[in-house]
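What follows is one structure encoded as C-alpha cells, with my remarks underneath.
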Amino acid sequence: MARMILHPVGHELSDVVSDADAATNRAHIAGLDAALEAKLDAVHAGWGERAVERVHAKGKRTTWERVEALID
C-alpha cells in the first residue's frame, strides 16, 4: 500500500485568534457538548423504566438492548 505524507494546512490557532477568544470558544464548545450529552441521555432513557418493564414482560428487548447486542 502506498504511503501518503500529510502536511499541515493553515495557520496555528494562536496566529488567527487571541488566547482570550480561543478560551471563549472552548468554553462555548464545552457548553454545546454538555447540552448534546444531556440530549443523548434523554434519548437513551427512552420512555422510562415503566416502558422497559412492559417490553421485558413481553419477552422482548428494548431497542438499545438490541443495538448493544449487535455491537457486542
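Backbone geometry of the stretch 39-51 corresponds, through the Karplus equation with coefficients 6.51, -1.76 and 1.60 at θ = phi - 60°, to 3J(HN,Hα) couplings of 5, 5, 4, 5, 5, 5, 5, x, 8, x, 5, 4, 5 Hz, x marking Gly and Pro. When the charge dipole of the chain is built from unit charges on Cβ atoms (+1 for Lys and Arg, -1 for Asp and Glu) and taken about the Cα centre, the candidate among A22, L6, W64 whose Cα reaches farthest toward its positive end is W64. With θ taken as phi - 60° and the Karplus curve 6.51 cos²θ - 1.76 cosθ + 1.60 applied, the whole-hertz 3J(HN,Hα) list for the stretch 61-70 is 10, 6, 4, 5, 5, 5, 5, 4, 5, 5 Hz, x standing for glycine and proline.
Length available on full extension from A30 to K58: 0.36 nm per residue minus the Cα-Cα distance, which gives 6.0 nm.
Note on the chain: semi-axes of the ellipsoid equivalent to its C-alpha gyration tensor, largest first and rounded to whole Å, are 44, 23, 5. About its Cα centre, the dipole of the chain is roughly 680 debye, where the only charges are +1 on Lys and Arg Cβ and -1 on Asp and Glu Cβ.
Values quoted throughout were computed directly from the atomic coordinates according to the rules given, and no laboratory measurement underlies them. None of the values given here were measured: they were computed from a predicted structure. We place every Cβ from the backbone using ideal geometry, glycine too, and count neighbours over all the protein chains shown.
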